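Following: one structure in structure tokens, then a few remarks.
All of the numbers you see were taken from the coordinates with simple rules; none came from a lab. These numbers come from a predicted model, not from an experiment. Here Cβ is always computed from backbone atoms with ideal geometry, including for glycine, and neighbour counts include all displayed protein chains.
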């Protein structure tokens, strides 16, 4: 099942509180994309327990901490549960990836970091605590196609948007 789709991604980040701490804007893609149902599920942390029953490859990792500045670039600390596909994607973007105890640290310290932003997604069912959603690192769809969690959720909820 696929859907031909074009959208802009705007993600508001809840990093340290239930309020929006900051956000990322991604460019509107000029290209159309075919996205399979499997690709959508692979990027939805809230569906992890159900999806691993039918497929082993998840394309997200829980973010422990995240910092960004125009001067220092971006630094993302994830748990060690990171797929080879996800790790390779960010290595190919020239992110520096180091192992730290029970976690990985991905960093990109260049002024062109805005051209190589990570794709991030929240988990609203499995929250960090209280009303603070957990934040996850994932990868864009083919051809660096970014879509928001809102768009992914919409595509999963409304099956009429999907075609065989």
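Please compute P(r) over all alpha-carbon pairs of the range 55-142, binned at 10 Å starting from zero, and give each bin as a whole-number percent.
P(r) for the range 55-142, in whole percents per bin: 17, 50, 29, 4.
Computed FRET efficiency, Cβ-Cβ of residue 53 and residue 154, R0 22 Å: what is it to the nearest 0.05?
The pair residue 53/residue 154 has a calculated efficiency of 0.40.
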